[in-house]
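Structure first, then comments.
The values are calculated or read from the model by the stated rules, or taken from the named source; none is laboratory data. Given the structure is predicted, the values throughout are model-derived calculations rather than measurements. Cβ placement follows ideal geometry from the backbone for every residue including glycine, while neighbour counts extend to all protein chains displayed.
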């Protein structure tokens, strides 16, 4: 079954997505041009974030087949109404598994060499695809689409900005309702509920809320532990808007904080500010990471900074570029990245401060509006 997208303003009550179609078609054209040197005739996209990036389709089951002059989106009957609203590809509603339907069309289009995402496909899916590849050769290709996704368009940046602002608004509201004795799970639930109320698709990841010694766990899961007085409280949260993620971490004090905890906070904040100040187009990712670590070394805390300084984000919460020790990639204007140094002392606690920023030609723009002054609840 084939479905054609309908034009906006056709009087049938559908959302006019066509204003966005041009950007998706331009992305596909750039990608098709990029794989000409690999001597492949077509490319099969199966990773859903990449399908969405190239087509606009946001469903949970899809594959995209691209040739020099065709764009075929395969999905199942659940999406026969949604798919033509969201994208301008030639839509094929599959009655069988997508990796059975797609090769049928590969054969019809006389494709001889089919590229696929080698880092995004499971062995089971590859084996399934290979068994259905009767007349064409499968060619593994690396992260070509992810490379294109690193530099965001003006539309993408505007969407990320909205996700960041919504995220901060949810955080501010949750803090206004905070009471000592509330559990980590309670606070996480209030945050995620408020995100939804403000219009988010949902959280970008499971909200991290950790109190006391548990703040030393960089990816702590919220528990039923009560948030008491005289301890650190760490919240790492992100909202997704129109598919695009935001990410922010703030560490606070509940009641009185020790001199040691305040010194940790001061060190991490200085580290984060120096790292942000180092960002601009053309600088190596490793230089940003080194800037953050140099400050923490001055405080004698660099040994307890146990992760990278940041990461890219967009249609996924973690995507390129990575801001780490050995990352030679140079930043480009339009990249959306996080800056999040942290220090974690076992059996005592941890501090992390994180913002979402956009790389610019001569620096960066910090999107996160939430204050980084130490909050005492």
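The table below gives the values:
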| item | result |
| --- | --- |
| Inter-residue pairs, beta-carbon under 6 Å, first at positive phi and in the stretch 186-208, second crowded, with 16+ Cβ neighbours inside 10 Å, 6+ apart | 202/240 |
| Among the candidates 277, 302, residue that is surrounded by fewer than 21 Cβ atoms within 10 Å (Cβ to Cβ), more than 30 Å from residue 159 (Cβ to Cβ) and out of contact with any strand residue (DSSP E or B) (no Cβ under 8 Å at 6 or more places or on another chain) | 302 |
| Cβ pairs under 7 Å, 6+ apart, first in the stretch 253-275 and without any contact (Cβ under 8 Å) to a residue 40 or more places away in the chain, second crowded, with 19+ Cβ neighbours inside 10 Å and part of a helix (DSSP H, G or I) | 270/295; 274/291; 274/292; 274/295 |
| Only listed residue being over 25 Å from residue 199 (Cβ atoms), modelled with pLDDT of 95 or more and either under 23 Å from the mean Cα position of the chain (by Cα) or surrounded by 17 or more Cβ atoms within 10 Å (Cβ to Cβ) (or both), chosen from 121, 145, 160 | 145 |
| Boolean, residue 269 is crowded, with 17+ Cβ neighbours inside 10 Å and closer than 30 Å to residue 193 by Cβ | yes |
| The stretch 78-103, residues that are more than 15 Å from residue 60 (Cα to Cα) and surrounded by fewer than 19 Cβ atoms within 10 Å (Cβ to Cβ) | 85, 90, 95, 96, 100 |
| Filtered residues of the stretch 189-217 (kept if surrounded by fewer than 22 Cβ atoms within 10 Å (Cβ to Cβ), more than 21 Å from residue 227 (Cβ to Cβ) and touching a strand residue (DSSP E or B) at 6+ places or on another chain (Cβ under 9 Å)) | 196, 198, 199, 201, 202 |
| Filter result for the condition that a residue is assigned by TED's automatic domain parsing to the domain that holds residue 289 and more than 21 Å from residue 145 (Cβ to Cβ), over 372, 361 | 361 |
| Leading residue by the ranking (surrounded by the fewest Cβ atoms within 10 Å (Cβ to Cβ)) among those in the stretch 32-59 that are assigned to a helix (DSSP H, G or I) and at pLDDT 95 or above | 49 |
| Residue under evaluation residue 69, criteria (1) farther than 19 Å from residue 112 by Cβ; (2) more than 19 Å from the chain's Cα centre (by Cα); (3) modelled with pLDDT of 90 or more, criterion not met | (1) |
| Spans of helices (runs of 4 or more DSSP H) in the stretch 60-177 with at least 2 residues free of Cβ contacts under 8 Å to residues at least 60 places away in the same chain | 98-108, 123-131, 154-176 |
